[in-house]
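A short worksheet on the structure shown next.
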Amino acid sequence: MDEIVKRSTLEPGLLHLSLNRPDQLNALSHEMLTRLAQHLDEIKRDSSVKAILLTGEGKGFCAGADIKQLASLNGQSGLAFASFGQAVFSRLESLGKPSLAAIHGFAFGGGCELAMAATLRIATSTSLFGQPEIKLGVMPGFGGTTRLTRLIGQGRALEMCLSGRRFTAEQALQWGWLNEMTSETELLNSAKRLLSPFLTLSPVALRSILTVIHQGADLTLSQALSLEATHFGLCCTSADKQEGVTAFLEKRTPLFKGE
């Protein structure tokens, strides 16, 4: 059987994960979420991986949660399923390594939520997005209400979640949900171009920036500034900082080792 989440190396430091249930439009089953979590745990421990590209096989990125599994959920199992999905997506968000969701076709429901857990998002000009859970009598459960609000604001997030309507790549770009829009033929090349700088930058500094921005969003201004100063200090203790400053003074390209 083909791997339900395909894993490959595009180039040194750049790992490619691809959702691989094309016949089910890459619907997020419990099995797929479990395998994705396993990959993310392995990636976090692997210092050779600098950045992650996330895609979907077949017609689109991801149609959302597996409706067949959703149909069998009750209150208790629904809570467990949502909590599990949230935990998996939080693994991606808190990985300490930049990630990019490259979207073609569609990203609905849980697929939209998965893309929002990535550091960056790029999509084709014909891609569509949405949180249509309301039309099934439920609501987003994998972090959609929270991350959508933070990305596009409360007003638009309310509109999208309450109506369940789709939004286009052009709208997503305008609202700040997307970082870049491209053609289908250039999607992979554009994604690699966006990720390539991360492969040579300091892993220590990248990890601190990701941590401070994500955690700082939940803090007061004074707390967030204190967290920023703490991580700045931590960066200053690293070999990467010494290498970066030395390379700048010597007018050469730094060689960061993540130490």
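The value of relative contact order for the chain, using C-alpha pairs under 8 Å at least six residues apart, is 16 percent.
Using Cα pairs under 8 angstrom and six or more residues apart, how large is the relative contact order of the range 1-73, in percent? Worked out over the range 1-73, it gives 39 percent. Taking amide H as placed 1.01 Å from N in the peptide plane, the amide H of GLY64 sits under 5 Å from that of LEU28, PHE108, GLY110, GLY111, each at least 5 places away or on another chain. Relative contact order for the range 12-134: 28 percent, from Cα pairs under 8 Å spaced at least 6 residues apart, divided by residue count. In summary, the convex hull built on the alpha carbon positions of the range 51-175 has an orientation-averaged projected area of 7.4 nm². Working from label points 7 Å from Cα in the Cα-to-Cβ sense, the MET139 to HIS214 distance is 2.4 nm.
When the Cα positions of PRO197, SER47, SER163 are compared along the charge dipole of the range 5-199, SER47 comes out farthest toward the positive end, with charges on each C-beta of Lys, Arg, Asp and Glu.
Towards the positive end of the charge dipole of the chain, with charges on Cβ (+1 Lys, Arg; -1 Asp, Glu), say which of ALA71, PRO140, LEU28 has the farthest Cα. Positive-end residue among those listed: PRO140.
Using only alpha carbons, the chain has a radius of gyration to Kirkwood radius ratio (Rg to Rh) of 0.98. For the peptides 93-106, 165-178, residues were scored by their other Cβ atoms within 10 Å and the scores averaged per peptide; the highest-first order is 93-106, 165-178. About the centre of its Cα atoms, the range 26-165 shows a dipole size close to 260 debye [charges on the beta carbon of Lys, Arg (+1) and Asp, Glu (-1) only; nearest 20 debye]. Each 5 Å bin from 0 upward holds the following percent of the Cα-Cα pairs of the range 203-249: 5, 23, 26, 20, 13, 9, 4, 1. Packing around the peptides 60-66, 217-223, taken as the average count of other Cβ atoms within 10 Å per residue, puts them in this order, highest first: 60-66, 217-223.
Share of Cα-Cα pairs in the range 25-87 beyond 12 Å, in percent? Counting pairs separated by more than 12 Å, the tail of P(r) holds 74 percent.
Read-outs: derived from the displayed coordinates by stated rules, not from any lab. Predicted model only: the values in this text are computed from it and were never measured. For neighbour counting, all protein chains shown are included, and Cβ atoms are generated from backbone atoms with ideal geometry for every residue, glycine included.
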